[in-house]
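Got a structure for you, written out below as structure tokens; questions coming shortly.
The values are calculated or read from the model by the stated rules, or taken from the named source; none is laboratory data. Just so it is clear, the model here is predicted, and its values are computed rather than measured. Cβ coordinates were reconstructed from backbone atoms using ideal geometry, including for glycine residues, and neighbour counts include every protein chain displayed.
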Amino acid sequence: MPHAFHTLAQNSDGPPFFTMAVIGVVVVIVVFVAAFLASRYRRCPSNRILVIFGKIAGSQASKCLHGGGTFVWPLIQDYAYLNLEPLVIEIELMGALSRNNIRVNVPSTFTVGVSTRPEVMTSAAERLLMLHENKIREQAQDIILGQLRLVIATLAIEEINRDREKFLTLIEENVSTELAKIGLDVINVNIRDITDESGYIVAIGRRAAAEAINRAKVEVAQQERDGATGQAIAQREQNIAVADEMAASEQGKKDAEQRQRVAVSALEAQAVTGEAQAQREQRIQVAGAEAVAVTGENEASQRVANSDAELAEVRAEAKRRADVATAQSQEQILIAEREKELARLSKEQLAPQEIERTRIEIEAEAEAERRRRIARGDADAILARYNAEAEGTQHVLEAKAAGYLQLVEACAQNPQLAPTLLMIEKLPDIVAEQVKAIKNLQIDKITVWDSGSNGRGGKGATADFLSGLIGSLPQMHELARQAGIKLPSVLGELDSDLDGDTVVTPTADASGDSQA
């Protein structure tokens, strides 16, 4: 049978049957392999990430591919896609606490999407694969809210309101770092509005607007002032130039008249040259007189021109002063209007919190200033009292030192006299103290009882006392005379007896009786 088949194949006109069969099998195998490979080759579109999981080379849990394609081996590998379409997340953040403890509302819109960076794609494959879009949005929303509150807590409300770029940069940095942990990137951040419960941001905006308006008004006033000043300067220069030209014109006219008169005089002098020698002196004198007259006229004309120029300068200066005064008056009016506008804005548009805070600060500063002034006043009073006491003590000591110096100089020849004089100086004080000791005692009379003799010459104690007192009177009078002091009349006066000795004579009182 095979031989017959072979013979049949050789006798036929077409290709051998076996060869056709082999070719058909090969074609089938090739088609099958091609279909199989085509079915296991996965292409990744640009808006997705192809995640291959299962048996992956190395220790990776998955393999991520963005764009292009790769084979997915059956049984040991499988695949899935991550969508790269952006997710729009609305964040209604209310009552977030800022650094200066003011709660702010920051409604915002975040646009996020799965990252295409290799390391972040791996995190997305590990944490977001097979999750529904709503679940991904919830996770991102929780992360964004937490990081947004954290950023607001590190900034003062003035920084949030003034430097929006810095605020957005901090939000993107913090939120991007946390979202990258689950495989997401921040595409866009849109802060719709920033408000606070107390109205502080609104007050700041009103204050900024008022300041901008005031600056604009000041700049307009300055420009108007500069324009008026320039106009006044131009007018003054015009007046000065006109006055100079008028003076120059008048001067030229007078010069021409002078040249004309000189020319006429020269022609007349040439005309009279041919006349008789007798008339020459007369004509020379006439020409001299005319020259003197012309000179006088020229000088008068020059004085007139100078007077006109000075008058023009005075008029220009007066006009300049008037223009300057007008400009200064307008400037003062604009300044007053600015102050009035500032006062009105301060009264009507500042927030109650700002006013209350300013009042508290002013009261605190006033109280502190009052205490400082009281303390300074007390300190100044104490210092003045001590200075006055020190100066008084210094003056007393200086006066006593000067007096003691004069006393020592007066007693230079008799040094023992100085202590006696000092004792006399203190005698009234000693007597006064003795009087104080007995001034309140009720004494009707004093009786001196003397036994008559104390064993010293038969005299009593009283007699000895009186004798000693009278014997010391000359020395006391001499001491008082040297010191420039006059003793009371009851102690008598110094006199000389027949032998030339100094004695004390009693003085008569008003009734003519003598006192011992």
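Does Q10 count as assigned to a helix (DSSP H, G or I) and either modelled with pLDDT under 80 or surrounded by 12 or more Cβ atoms within 10 Å (Cβ to Cβ) (or both)?
Here the answer is yes, as Q10 does meet what is asked.
Out of I240, I194, report the one residue that is surrounded by 12 or more Cβ atoms within 10 Å (Cβ to Cβ), out of contact with any Pro (no Cβ under 8 Å at 6 or more places or on another chain) and assigned by TED's automatic domain parsing to the domain that holds L168.
Working: I240 fails: assigned by TED's automatic domain parsing to the domain that holds L168.
Criteria check complete, one pass: I194.
Could I ask something else about it? So how many residues does the stretch 128-141 have that are assigned to a helix (DSSP H, G or I), out of contact with any Phe, Trp or Tyr (no Cβ under 9 Å at 6 or more places or on another chain) and within 17 Å of T111 (Cβ to Cβ)?
6
What's the number of the condition G67 fails, among (1) touching a Ser or Thr at 6+ places or on another chain (Cβ under 7 Å); (2) within 19 Å of T195 (Cβ to Cβ); (3) modelled with pLDDT under 85?
Among (1) touching a Ser or Thr at 6+ places or on another chain (Cβ under 7 Å); (2) within 19 Å of T195 (Cβ to Cβ); (3) modelled with pLDDT under 85, G67 violates only (2).
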